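Written below as structure tokens is the structure these notes are about.
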Amino acid sequence: MNNGYRALQLSRFAATFRDATELVELPLRPPGPGEISVRNAWCGVNGIFDTQIARNAVDYVRVRLPSLTGVEAAGVVTAVGPEVDDFRVGDAAVTVRFTGGYREANTGPAAQFARIGAASPEWLTLASTGVSALLALEHVGAVANGQTVAVSAAAGGLGHLIVQLAKLRACTVVAICGGPKKAAFLRRLGADRVIDYQAESVREVLDREFVDAIDVAIDTVSGPTFDAMLDNLAVGGRLVAGGAAQDLAGRPEVVTGPRIVHKLYYKGASVRGFMNGLLPALWPDARRRLFGLYEAGQIAVTFDEVPFCGIGRIPDAVEHLLSGQSMGKVVVDLRTIDASP
Ligand SMILES: NC(=O)c1ccc[n+]([C@@H]2O[C@H](COP(=O)([O-])OP(=O)(O)OC[C@H]3O[C@@H](n4cnc5c(N)ncnc54)[C@H](OP(=O)(O)O)[C@@H]3O)[C@@H](O)[C@H]2O)c1
């Protein structure tokens with residue numbers, strides 16, 4: 001379609017992303033002053049965030065129905081409006097703004113797009129998940145070279161990039177994941193201690209091998225993993241809370257225990273929230289650095305091996321990510337008509 005495009009629309013709030021969304025066809029309006037149009041080639045899947053959005057459970061995003069959904073997509077510029085200096089037709093461009101992701105095309109302010117080397121899944125992932133990895137580790141985690149860094153969901157889209165960035169800083173990396181395939185992947189990435197929670201207890205390993213030793217912990221799982229990280233923070237350690245995948249299935253787990261103040265102040269330690277969407281001012285510099293690392297061959301993006309082709313496969317991709325079986329970044333190829341793997 002040259003003058004129209006398909007998008008996933010959030011039509012209702014529901015327990016699952018699939019039930020909340022439907023495929024719609026929309027006209028592609030020409031760009032106005034300061035705007036560009038982009039025909040998307042790839043989108044990145046954030047199944048946990050997507051599901052929370054479908055439930056209207058993301059506190060800092062107020063969704064008014066109907067709404068498009070999805071966060072990041074990369075494609076090629078097809079039209080440029082007046083007063084746009086930094087894009088030309090044919091440039092590869094990415095957006096990481098909510099509602100920009102799950103659509104075959106997009107017309108919007110040029111300021112909401114960034115130029116990338118190619119409309120490929122690698123550049124898409126670096127510009128979105130890569131930026132999250134870098135800012136979680138450096139801006140919020142305040143990592144220093146050579147420190148000890150623990151990461152949960154370490155074989156996932158976000159986690160495998162954090163592991164690589166921490167290794168580039170000569171850190172000792174403790175990588176937590178579920179399953180032997182993910183564990184082998186993390187060893188190949190250079191993780192120093194891989195904890196496959198299906199084979200051994202995260203709590204027991206951290207209590208035994210990393211007593212008061214974790215300088216930066218980046219957790220997106222919550223539950224006992226968060227607790228074990230918190231209890232083993234080093235003096236001045238930072239626990240970065242970037243998600244709570246474990247709580248997706250229901251309400252946050254209610255636990256009783258001593259207030260965590262007692263675990264923090266003696267050590268001068270802290271728990272810090274991380275939300276990439278709140279840090280847009282830091283994205284350009286983070287991207288510039290990540291792109292440089294990628295072009296220098298110092299960082300690589302791994303994709304999950306299950307291919308998803310066509311915008312209609314996005315709910316399948318979301319559910320695949322939620323299954324816990326995916327490894328690396330989950331992306332959807334928007335260039336093709338919907339096809340099963
Ligand atoms: N705060 C931010 O700005 C920000 C930005 C990007 C991503 N995130 C968060 O970071 C996490 C990783 O995101 P991603 O897109 O890269 O996903 P992902 O890591 O590729 O996939 C999710 C992984 O989380 C683990 N997990 C643990 N408990 C789970 C559960 N109950 N349901 C599903 N998965 C569970 C699984 O790995 P194991 O079984 O190996 O643990 C699963 O493979 C997500 O929680 C996401 O919301 C946060």
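The values are calculated or read from the model by the stated rules, or taken from the named source; none is laboratory data. Given the structure is predicted, the values throughout are model-derived calculations rather than measurements. Here the Cβ positions follow ideal geometry from the backbone for every residue, glycine too, while neighbour counts run over all protein chains shown.
See the values below:
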item: Flag for F226 being away from the ligand (no atom under 14 Å from the Cβ) and farther than 14 Å from G141 by Cα; result: no
item: Residues satisfying the stated conditions in region 60-78, i.e. β-branched (V, I, T), over 23 Å from R115 (Cα atoms) and in a strand (DSSP E or B); result: none
item: Residues of region 119-139 satisfying the condition of being farther than 20 Å from T172 by Cα, of a type in the set (A, V, I, L, M, F, W, C) and within 11 Å of the ligand (Cβ to nearest atom); result: V131
item: Some residue of region 306-313 being outside any helix (DSSP H, G or I), touching a residue at least 24 places away in the same chain (Cβ under 8 Å), away from the ligand (no atom under 16 Å from the Cβ) and closer than 20 Å to A20 by Cα; result: yes
item: Residues satisfying the stated conditions in region 246-272, i.e. surrounded by 10 or more Cβ atoms within 10 Å (Cβ to Cβ) and within 16 Å of the ligand (Cβ to nearest atom); result: Q246, D247, L248, P252, E253, V271, R272
item: Search result, residues across region 140-179 that are within 11 Å of the ligand (Cβ to nearest atom) and not in a loop (DSSP other than H, G, I, E, B); result: V140, V151, G156, G157, L158, G159, H160, L161, I162, A175, I176, C177
item: From A57, A119, residue being free of Cβ contacts under 8 Å to residues at least 24 places away in the same chain, of a type in the set (A, V, I, L, M) and not in a strand (DSSP E or B); result: A57
item: Residue match in region 79-100 (condition: modelled with pLDDT of 95 or more, within 16 Å of the ligand (Cβ to nearest atom) and not in a loop (DSSP other than H, G, I, E, B)); result: yes
item: Residue within region 105-114 that is crowded, with 24+ Cβ neighbours inside 10 Å and either acidic (D, E) or within 14 Å of the ligand (Cβ to nearest atom) (or both) present; result: no
